[in-house]
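Everything on this sheet refers to the single structure shown next.
The values are calculated or read from the model by the stated rules, or taken from the named source; none is laboratory data. Keep in mind that what you see is a predicted model, and the values were worked out from it rather than measured. All Cβ positions, glycine included, derive from the backbone under ideal geometry; neighbour counts span all protein chains shown. Note: accessible area is taken over every heavy atom of the protein model, side chains too, but ligands, DNA and RNA are not part of it. Shrake-Rupley method; radii C 1.70, N 1.55, O 1.52, S 1.80 Å.
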Amino acid sequence: PSFSELNMPLAFDDVIDQPHGLVLVCGAAGSGKSTTLAALAQQLLKKRSVLLVTLEDPIEYALTPGPQSLVRRRQIGRDVPDFPSGLRDALRADPEVLLVGEMRDPESITLALTAAETGHLVITSLHTPDVPRAIGRLVGLFPSDEQETVRARLADNLQAVVALRLLLRADAAGLIPAVEALLATSTVREMIRDAARIKELKPYMETAGADLGMHSFDQYLYKLHEARRISLDTALGNATNRADLERRILIE
């Protein structure tokens, strides 16, 4: 699917132009993470001349490289035994971009951060329901004595996070993606470095982020309901803060 079909923020078209860094796609099982990863990769291949190496479990989508691009796809269990060994092998091929199906363990995260630090763009997914908890889960996979270092590395290398929820449509048959988006501004990087400030990410997305293409789930649910694309029950049932969203809908 295209960016517009997935309701991806326009700012992500610029994110995939970055020469290096980490891009996270988050959501529960079945929320569209693999589809979004494939859409990001396909958009990137249209715009840039790159060597893209993918590590997937399993390979789900066909990608069409541009005339100056090359795609090497590796499936976990068939071409490589696991994500860490696949990442080490992939880096030997000197790709500009790595697509990693999922971050499951500290070793994979460490290798992905190292790749981002050494001039690669890494696009990957994490099994978390929203943006703030994605940061917490990624850091929380490490022992407590390593978390401050991981937090600093993540702050330095993160480019963007997008979280997804698939919702029942009210205006047609089928599902529609609701999207929460965070871009790694200097303020966001400061919040990530300080564990006590992670709770500030959501209000920052809602207030300072509008002009930059950031928004929270609740803001996006309000927008979808206002456009009559989802029902009130669907909006409230998927809200991060149900009371706040209900109050906003009823007042406005």
In this structure, does residue 108 turn out to be part of a helix (DSSP H, G or I) and under 22 Å from residue 80 (Cβ atoms)?
yes
Residue 101 vs. criteria touching a residue at least 40 places away in the same chain (Cβ under 8 Å), open to solvent by less than 60 Å² (accessible area, probe 1.4 Å) and touching a His at 6+ places or on another chain (Cβ under 9 Å)
no
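The rows are residues; the columns are (1) in contact with a strand residue (DSSP E or B) (Cβ under 9 Å, 6 or more places away or on another chain); (2) modelled with pLDDT under 95; (3) within 29 Å of residue 2 (Cβ to Cβ).
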site: 55; (1), (2), (3): yes, no, yes
site: 58; (1), (2), (3): yes, yes, yes
site: 68; (1), (2), (3): no, yes, yes
site: 98; (1), (2), (3): yes, no, yes
site: 103; (1), (2), (3): yes, yes, yes
site: 113; (1), (2), (3): yes, no, no
site: 124; (1), (2), (3): yes, no, yes
Identify all residues within segment 217-245 that are under 23 Å from the mean Cα position of the chain (by Cα), in contact (Cβ under 8 Å) with a residue 24 or more places away in the chain and open to solvent by 60 Å² or more (accessible area, probe 1.4 Å); write none if there are none.
240
Which numbered condition residue 165 fails, given (1) out of contact with any Lys or Arg (no Cβ under 8 Å at 6 or more places or on another chain); (2) among the charged types (D, E, K, R); (3) more than 15 Å from residue 25 (Cβ to Cβ); (4) not in a helix (DSSP H, G or I):
(3)
Scan segment 148-162 and give yes if some residue there is open to solvent by 70 Å² or more (accessible area, probe 1.4 Å), out of contact with any Phe, Trp or Tyr (no Cβ under 9 Å at 6 or more places or on another chain) and closer than 23 Å to residue 109 by Cβ, otherwise no.
yes
